[in-house]
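Trainee: Shown below is the structure under consideration.
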Amino acid sequence: MTSDTSPARARPAERAGHEQAAAAARLRAAAEALSVLRYRPAAEQRRASRYAMRLLSTHAAKADWRSAGLPPPLADPPPDPAPPRRPATPVVPLTDPAVLHLARAAMQLHSTELRAADRPRRWAQLARFFAECLTEPTEELVRLQERVASARVNAGDTSPEVLTALLATLDRYRAADGENGYRTGLARANLSVAYRHRGSGADLATATRLAAEEVRARTTRYGPDHPVTLVARSLYTLSLLVQAEAMTAPAAQRALATRALAEITHVRTVRDRLFGVTAPNATRSRRHEARAFILLGEFDKARVCLECTLAFESVSNGDRESQESGQTHYELARVNRALGDSGKALEHVQQACRILAMHNPQGIAAGKAAALLAELSSSS
Amino acid sequence: MSSIRHDLDVTHTARWYEAARNAQRSGAWDERVLCYAALSEILAEHRAQCPAGEAHSQPPIRRPGILTEVAHRAHFASAEPVYRRWRARQDGQPIVRWAGEDAAVKPSPAFVAEAKIVAFWPYRDGVLQVADVFDMTLIEVAAAYLRAVATWAGEHTPLAACHPAGPPACVIEDMGVLAARIPPVGQVPPAPGAARLAELAGMVVGHVLQDSSITPLGAFNTVRDDVLRLLSDPADSVADRVTRSVAELSDQLLHQVHDEPIMTVGQARQILTALDGLSTLLSGIAGGSAAAESPR
């Protein structure tokens, strides 16, 4: 029956659909808001991760989140997200992208308290969990699988399987979004990192080429100092540094290091301004700057730079000893050795070995630190 | 920052939304929801028919006579009852239109503005809930809010592109609430801050419409610098200022070009003496467990 004012269609289904979409949107936005907290100290990130789990446990369909590698939810009861006099919010199905987004945010926050070596397993667990929930691969799942591959690279795994997965992701995004699509850029950057970590044959040159392509694409699209462009510029300089470190010809090495220093100093200055001098990405750039000074033989400058890095890392990390601070200790050991202070060098390399072994005992960085420790111990 | 939440709960739009969804009027609300859903369907079909641009960019969408289409799609017997809901003269409508009684606002734009607000509202809710629980700073609230705006635009792209393309109108109001908390610098009023923040929200949506593959973080990053500049507290702690100054001074010294004067010998000695004294004082604090209580 139609009237002049009311539509004929049944309303409960429309209303239920609207309410469910609204519940999913709330979870989706909560995931974004919680991700903002990743610049807070570790303890607060842990709380944020568990709060995300509480939202999932309360508003998403029932699931064994432990099997997805996620932490337990916060113990205390959740506040009612709905204003008074409103019916209870519907349950969001696990197949809704909002659930995966929130679970991903929870894992991102949770992973800061995990050792780098343990992260790939947890990310893989999460990806498997959703692969089983979803009947076909969604865009969100593809991005999650890309995240698994990146975590593996960061833990030192550059096996053909990982490289193939990253290449396939890049091809997929190239086809879907074009050469300059945002996701294409992220995938290209991830592949560049993987080549740099593997570092065999033409890998370093390929890593630098991919990073340079990404810098060009992002500069055109967003401008040179956009945070997204800065990530690409930072990757590019790191590729240059690693290439320079692998060189034996001093003149070529110097030329590359000089280029890297100019670039990374600019990146670091902008990051200091945008994120603050103690932000993890700014301190990372500062450490790279020190590596350029080391290559140029300016060890006093490198030492000052690294001591600042260490101080800022401790502000950002609190009691937690991050893998990155292990790398800073390693660089300080190299600098002190070059400056002839073997006592300090030994002190720093011991710290580096302890921290890096704690995070990723099989990683390249831990191996380098162990080699330096052996060298310094035998000469003292 | 719970007072931000309180202020955002009592904006004109927040009060309108709460009243519109009031249980006693749920029948009227359901009919509105039906109209919004019909609009989304029409726009989605329009999008499917038009080829996407590079990186799936979404050009602005203009559909003259959209309310007639909506009435037809939602199976109203005629278009008139739909127009009546969004006319300036409300004539006893159970839910007043969001745009108020301004006759200059025609029914179609009034309807589209409302549809955008209603689609965005749960995203806003989700952000404010987290902001409240974690006592977010002003900058964190702005970042979370703008990321939610980007998420909304990514998930409701045709609606975001619907003329006038851009964020929901309530964003301007909400940005006004945030801008009112910008630490005062001299006698500068908050109004320019509100307008600038709203403009940045528009840029965020613009980036999403330009490249549908951009993430909410990526879209927010396009305006991060401006947001920080607008909302940073100029009167931050002396410890923060010293940290920044020390970093700046070491940078200048590290990258000093020959003959470029940075300081006199006297100044260098003076700083050195001050730093020696300060080191002694700081070691008393840093020796304990202070590192664990690092400020945000």
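We did not get these values from a lab; they are worked out from the coordinates using the rules stated. The shown structure was predicted, so the numbers you read here are calculated from the model rather than taken from an experiment. Note that each Cβ is placed from the backbone with ideal geometry, even for glycine, and that neighbours are counted across all protein chains shown.
Trainee: Can you give me the distance in nm between label points at A:Ala262 and A:Ile364, each placed 7 Å from the Cα along the Cα-to-Cβ direction?
Mentor: With each label point 7 Å from Cα toward Cβ, the separation is 2.6 nm.
Trainee: Hey, with R₀ at 35 Å, roughly what FRET efficiency would A:Arg354 and B:Asp259 work out to, going by the Cβ-Cβ distance, to 0.05?
Mentor: Efficiency for this residue pair is about 0.20.
Trainee: Let me ask something else about it. Any idea which of B:Ala48, B:Ala71, B:Pro81 is furthest toward the positive side of the dipole for the range B:38-98, if Lys and Arg beta-carbons carry +1 and Asp and Glu beta-carbons -1?
Mentor: It is B:Pro81, whose Cα lies furthest towards the positive end.
Trainee: Could you give the size of the charge dipole of the range B:1-151 about its Cα centre, using +1 on the Cβ of each K and R and -1 on the Cβ of each D and E, expressed in debye and rounded to the nearest 20?
Mentor: 460 debye
Trainee: Along the Cα-to-C-beta direction of A:Glu347, a point sits 7 Å from the Cα; which residues of the range A:276-303 have their amide N less than 14 Å from that point?
Mentor: So the set is empty, nothing qualifies.
Trainee: Given C-alpha coordinates of chain A, what is the ratio Rg to Rh with the Kirkwood estimate of Rh?
Mentor: We get a ratio of 1.04 for chain A.
Trainee: Between the DSSP loop rule and a limit of at most 14 other Cβ atoms within 10 Å, which trypsin sites (Lys or Arg not before Pro) in the range B:103-206 are left?
Mentor: none
Trainee: Summarise the partner chain shielding of B:141-151 as one whole number: the mean count of Cβ atoms from other chains within 10 Å of each residue's Cβ. Kindly include the intermediate steps, with their values, before the conclusion.
Mentor: Working: counts 2, 1, 6, 8, 4, 2, 6, 8, 2, 1, 7.
Taking all residues of B:141-151 together, the mean is 4.
Trainee: Assuming 1.567 mPa s and 4 °C, estimate D for the protein assembly as shown with Stokes-Einstein, Rh taken as the Kirkwood radius over Cα pairs, in µm²/s. Let's see the in-between values first.
Mentor: Working: Rh = 27.3 Å.
Translational diffusion coefficient: 47 µm²/s.
Trainee: Using the Cα centre of chain A as the reference point, and only Cβ charges (+1 on K/R, -1 on D/E), how large is the resulting charge dipole? Debye, rounded to the nearest 20.
Mentor: 280 debye
Trainee: For the range A:130-284, I need the span (max minus min coordinate) of the C-alpha atoms along each principal axis, in Å, sorted largest to smallest.
Mentor: The Cα atoms of the range A:130-284 stretch 55, 36, 29 Å along the principal axes, largest first.
Trainee: Quick one: P(r) of the range A:109-197 from all Cα-Cα pairs, 5 Å bins, percents rounded to integers, in order of increasing distance.
Mentor: Whole-percent P(r) values from 0 Å outward: 3, 15, 23, 23, 21, 12, 3, 0.
Trainee: Using only atoms on other chains, find how many Cβ atoms lie within 10 Å of each Cβ of peptide A:276-287 and report the average.
Mentor: Other-chain Cβ atoms within 10 Å of each residue's Cβ, averaged: 2.
Trainee: While we're here: Name the residue farthest towards the positive end of the dipole of the protein assembly as shown from the options B:Leu209, A:Ala52, A:Thr89, assuming +1 on Cβ of Lys and Arg, -1 on Cβ of Asp and Glu, about the Cα centre.
Mentor: My answer, from the dipole projection, is A:Thr89.
Trainee: Can you show me the helix-derived [θ] at 222 nm for the protein assembly as shown, built from DSSP H runs with n ≥ 4 at -39,500 (n - 2.57) apiece and divided by the number of residues, rounded to the nearest 500.
Mentor: Taken over the protein assembly as shown, the calculation gives -22500 deg cm²/dmol.
Trainee: The range B:238-293: Rg/Rh from Cα coordinates, Kirkwood Rh? Present the calculation step by step, with values, prior to reporting the outcome.
Mentor: Details: Rg = 14.1 Å, Rh = 13.2 Å.
Looking at the range B:238-293, the ratio lands at 1.07.
Trainee: Moving to a separate point now. Can you tell me, using C-alpha contacts under 8 Å and at least 6 residues apart, the relative contact order of chain A as a whole percent? Don't jump to the answer; show the numbers that get you there.
Mentor: Details: 489 pairs, mean separation 38.9, N = 380.
That works out to 10 percent.
Trainee: Suppose every K and R has +1 on its Cβ and every D and E has -1 on its Cβ; what is the size of the dipole of the protein assembly as shown about the Cα centre, in Debye to the nearest 20?
Mentor: With only Lys, Arg, Asp and Glu charged at Cβ, the dipole is about 680 debye.
Trainee: Which Cα, out of B:Ala169, B:Gln93, B:Leu253, lies furthest along the positive dipole direction of chain B (beta carbon charges, K/R +1, D/E -1)?
Mentor: Most positive-ward Cα: B:Gln93.
Trainee: Same structure again: Can you pull the one-decimal nm distance between simple spin-label points at A:Val91 and A:Thr219, each 7 Å off the Cα toward Cβ?
Mentor: 5.3 nm
Trainee: Continuing with the same structure: From the square roots a ≥ b ≥ c of the eigenvalues of the alpha-carbon gyration tensor of the range A:154-244, which class results: rounded (a/c under 1.5), prolate (a/b over b/c), or oblate?
Mentor: Cα axes put the range A:154-244 in the oblate bin.
Trainee: Okay, which of the range A:194-216 sit inside 16 Å, backbone N to the point 7 Å along the Cα-Cβ direction of A:Ala246?
Mentor: What the label zone holds, given the 16 Å backbone N cut-off, is A:194-212.
Trainee: Any idea what the alpha-carbon Rg over 2.2 N^0.38 Å comes to for the range A:247-380?
Mentor: This ratio for the range A:247-380 stands at 1.04.
Trainee: By what distance, in whole Å, do the Cα atoms of chain B stretch along each of the three principal axes, largest value first?
Mentor: Computed over the Cα atoms, the extents are 87, 44, 37 Å.
Trainee: According to a simple spin-label model (label point 7 Å from Cα along Cα-to-Cβ), what is the distance in nm between A:Ala205 and A:Leu339?
Mentor: Going from the A:Leu339 label point to the A:Ala205 one covers 3.8 nm.
Trainee: At 4 °C and 1.567 mPa s, grab the translational diffusion coefficient of the range A:202-322 from Stokes-Einstein with a Kirkwood Rh over Cα pairs, rounded to a whole number in µm² per second.
Mentor: Reported coefficient: 88 µm²/s.
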